[in-house]
Amino acid sequence: MKKFGKVLLNIFLVLICIFGLLAVDSVIAKSGNPKNLSQGFSGDTSKSGVVDNCGLFEDDPRTLEGLDEAVKACAGNIGMNVMVYIAGDEKAYYTDSYTDEFTDILYDSTFGEYTDGLIYYMDLSGKSPAYDCISKSGKAMIYYDDDTCEKIFKTMDYYLPSSGNLPDADRIRDGIYVFCDKLEQYNEDASPGSFKYEHDTDSQPNVYVYVMDGKTYITKKKAPGEKMLRLMGAEVIGAIVSLLICIITKSRYRFKSSTNPSTYVSREKSNLYEQSDVLIRSYVTKHKIESSSGGGGHRSGGGGGHGGSHSHSGHHR
Amino acid sequence: MDAAEYKCPNCSADLKFDPVTQKLSCEYCLSSFTIEEIKQICADTENSIPSAEETNMQQDFEEHTNLFHCASCGADIMCDDQQTALFCYYCHNPVILAGKMTGAYRPGKVIGFKLNREMALDMFNRWVQKRMFVPKEFKSEQQAEKITGLYVPFWVADCNVSADFSAVGKKIRHWVSGSYSYTETKEFRVVRRGNIYVDGIPADGESKIDDLLMESIEPFDYSELKDFSMSYLSGFFADKYDVDKAGVFPRIRSRASQAGKKVIRDSIGSYNSLAVHVEQYNIMNTDWEYMMLPVWFMTYKYKDKVYEFAINGQTGKLAGTPPLDIRMLRLVSLGIGAAVAVFLGLTGGAFFG
């Protein structure tokens, strides 16, 4: 009974330590109050729209106008800046990374740094393979992660021409409407918590984007949730180290084994008068080796970071 | 009627006739013998009368050996009549003179100390230095002073172990030919029978000293065995046995069987598997010798537990369980764990960036 009480007391103490550490971790994680760089979304959709660099709708300005209105409406609905950039043949020499950089600069110069929004770069330059990308800023990084963008790219593949083929204006038009629908759909589906995003450009300091209590944060310090996880990870590793030290030390303080009594065997006097190993039976079994064959799979992804606070999702057609 | 006349050759207890097996069996150590076997074994030892020289030596032992008794732990300590034991080697409480020893406790053989006190202390200190979590008092000079040169009473047995082993061993070979995998299995009947002689298995006759501790400082070099003389006790203490050879026989039997098993298993080649059908190790005969073996001995009481430490006084082999200061260990391990956590927190960016 006394031992049981001691065990209970120890469990109680361990639980107090765990909850105490969690409380301390929480305080440390939330401390610091880093400056929120987020500029959010102004509500002005005038700069959102479609940029037809390709001249696809040159002869049909009303369609372009309609598309522009649809994108603006989409921007208003999702509360972010949205631009669809249709790249023409003058962008045919752009590499993937240069395309990323171009969209970042285009976004910042059009909507401003650390605002919420995205640019969909539709590659109709005729290069092969074509490279579409979505440059995201602010809240869009959280709402439209790589998986979501990949789904959008897959949907858009149906409307966009294969690499090297000529685009069909009607299909592109339909594609842009579908793109807007998808943006609205995924915006509703997204339920961001304390997400984090690490910005990985060499030229800029890391920027972390997260949504907490419905508010978007862009800071140069990690999200509290991320800090908390790292603290807990460090503490768990520290606890494991402590435990290992205890176990190893205790094992060194245990009694070592006794002398093996075979030391005392007198080999000269000992006599094995019967030693036999007689074969009593032998058998062979055989099994057919099952051959297996399979196809190969391939999966690749692309993406990188650039500019004030951007992320990219890229896709080759 | 035969049964009443014979003693067990292994443990000296009375043998009784078992009508079922038609053998004389020992209820104490579970040995059993046919009447022919026991007659043969006992023929050599019956009617042996102590010689005059032996009688003189027993008288000398009785006259010149003082027995001290520890009222606290019950230890009986022997020393020659030129010295006085003041403290118990085991619990360090004062001892009182209890009288003279009887000749029955006189050992036949002895191995003298080869390690003096300084050498034993040096070994102990080197052993302790390697362990940082022992309590401070364990490393103190007062503790070192408690190390005692003690002749520990040992029953040393020479056993003839009859081994009977039978098993089926399998040798398995795999190979691949074309699109088939082949497995060849060969089964062998493995039989081993023989007599294995195990000479000089010691078992201490002192119940207070941990048996495992004494087994850990073995072996002793019996080539240096001498006939017991009172002069060996000079400057050292000796323990009076409180476990007789019947009492230590189960340990001897277990260790002799272990040794026999090792011999048998070593004689068996490499089989992939071995299904044992019969494996018996019977001790057919045991020759005993009662002797004093030299041990530097120390005890330390820590948190109601007695920690024993021993050094073979002949070979210098040491063994013991060091006391562990669990509070210090917890503090140090928690400190290191906390340092690791802070370091990882800093380098992993949990605190900054």
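The values are calculated or read from the model by the stated rules, or taken from the named source; none is laboratory data. Bear in mind that the values here come from a model prediction, so they are computed numbers and not experimental data. All Cβ positions, even for glycine, are placed from backbone atoms using ideal geometry, and neighbour counts span all protein chains on display. Remember, those area values only see protein heavy atoms, side chains included, never the ligands or the DNA or RNA. Shrake-Rupley method; radii C 1.70, N 1.55, O 1.52, S 1.80 Å.
Table for the structure above
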{"read-out": "Lone unmet requirement of (1) closer than 27 Å to A:L64 by Cα; (2) among the acidic types (D, E); (3) at pLDDT below 85 for A:D132", "value": "(3)"}
{"read-out": "Residue match in the stretch A:246-261 (condition: open to solvent by less than 80 Å² (accessible area, probe 1.4 Å), closer than 26 Å to B:S270 by Cβ, at the interface with chain B (Cβ under 7 Å from one of its Cβ atoms) and of a type outside the set (G, A, S))", "value": "yes"}
{"read-out": "B:S207 vs. criteria open to solvent by 10 Å² or more (accessible area, probe 1.4 Å), more than 11 Å from chain A (Cβ to nearest Cβ) and not aliphatic (A, V, I, L, M)", "value": "yes"}
{"read-out": "Given (1) touching a Phe, Trp or Tyr at 6+ places or on another chain (Cβ under 9 Å); (2) more than 11 Å from chain A (Cβ to nearest Cβ), index of the condition B:D304 fails", "value": "(1)"}
{"read-out": "Selected residue (only one of B:A259, B:A338, B:A319 is at the interface with chain A (Cβ under 9 Å from one of its Cβ atoms) and either without any contact (Cβ under 8 Å) to a residue 40 or more places away in the chain or in a loop (DSSP other than H, G, I, E, B) (or both))", "value": "B:A338"}
{"read-out": "Among the residues listed as B:S179, B:S166, B:S216, the single one being farther than 30 Å from B:E308 by Cα, hydroxyl-bearing (S, T, Y) and at the interface with chain A (Cβ under 9 Å from one of its Cβ atoms)", "value": "B:S179"}
{"read-out": "Residue check, A:M141 open to solvent by less than 20 Å² (accessible area, probe 1.4 Å) and over 23 Å from A:C54 (Cβ atoms)", "value": "yes"}
{"read-out": "Filter result for the condition that a residue is basic (K, R), at pLDDT below 90 and surrounded by fewer than 20 Cβ atoms within 10 Å (Cβ to Cβ), over A:K220, A:K182, A:K151", "value": "A:K220"}
{"read-out": "Test for B:S267: is it of a type in the set (S, T, N, Q), surrounded by fewer than 19 Cβ atoms within 10 Å (Cβ to Cβ), within 14 Å of another protein chain (Cβ to nearest Cβ) and touching a Leu at 6+ places or on another chain (Cβ under 7 Å)", "value": "yes"}
{"read-out": "Residue under evaluation B:S48, criteria (1) modelled with pLDDT under 75; (2) under 29 Å from B:S223 (Cα atoms); (3) assigned to a loop (DSSP other than H, G, I, E, B); (4) open to solvent by less than 60 Å² (accessible area, probe 1.4 Å), criterion not met", "value": "(4)"}
{"read-out": "Number of positions in the stretch A:21-42 that are small (G, A, S), open to solvent by less than 50 Å² (accessible area, probe 1.4 Å) and assigned to a loop (DSSP other than H, G, I, E, B)", "value": "1"}
